[in-house]
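Heads up: the structure comes next, in structure tokens.
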Amino acid sequence: IQYMMTGKLDQFTLSASPFLEAMSHVTVAYLLLEAAIIAERERTQDEDQSQEEFDFYAGKVMSAKFYVNFILPQADALCRIIKSGDRSALDIPDRGFSTAWQRAARPNDRCRWISPRSSSSATSRSSR
């Protein structure tokens, strides 16, 4: 909402993936916790259950515990990323995506990047 109020609508595109990922962590945690509550109730109230049933319910509880302790905290980190408001991906100049820059054709100068406008690389490229 703050992006709409401040006129930074393009920030939505940067925040969409982290937001959806954070919400998926929260949603899965909710579903696992809901199942764990039911499993814990069944595990502790039913005295006539088999060992297999007890282990099944224990597995539900422990998997929810694992998710909450190891996966769910990632949602908090993703929310902090969104709140940071970093716009570096939006601030890349158009030429930053250009494919016009080519590697030098000279064999002794392998690490130097040059513009295709320079005469040596433009000539060598057009003659190939």
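In table form, for the structure just shown:
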| item | result |
| --- | --- |
| Criterion violated by residue 3 - all others in (1) at pLDDT 90 or above; (2) within 21 Å of the chain's Cα centre (by Cα) satisfied | (1) |
| Residue, farthest from residue 79 (Cα to Cα), within the range 25-49, restricted to residues that are assigned to a loop (DSSP other than H, G, I, E, B) and out of contact with any helix residue (DSSP H, G or I) (no Cβ under 9 Å at 6 or more places or on another chain) | 48 |
| Pairs with Cβ under 7 Å, 6+ apart, first in the range 77-95 and under 16 Å from residue 20 (Cβ atoms), second surrounded by 13 or more Cβ atoms within 10 Å (Cβ to Cβ) | 78/18; 78/21; 78/22; 79/22; 81/18; 82/15; 82/18; 82/19 |
| Subset of the range 30-80 [surrounded by 11 or more Cβ atoms within 10 Å (Cβ to Cβ), more than 26 Å from the chain's Cα centre (by Cα) and among the small types (Gly, Ala, Ser)] | 35, 36, 39, 58, 59 |
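The values are calculated or read from the model by the stated rules, or taken from the named source; none is laboratory data. A quick note: this is a predicted structure, and the numbers were derived from the prediction, not measured. Don't worry about glycine lacking a Cβ; one is built from the backbone with ideal geometry, like all the others, and counts go over all protein chains shown.
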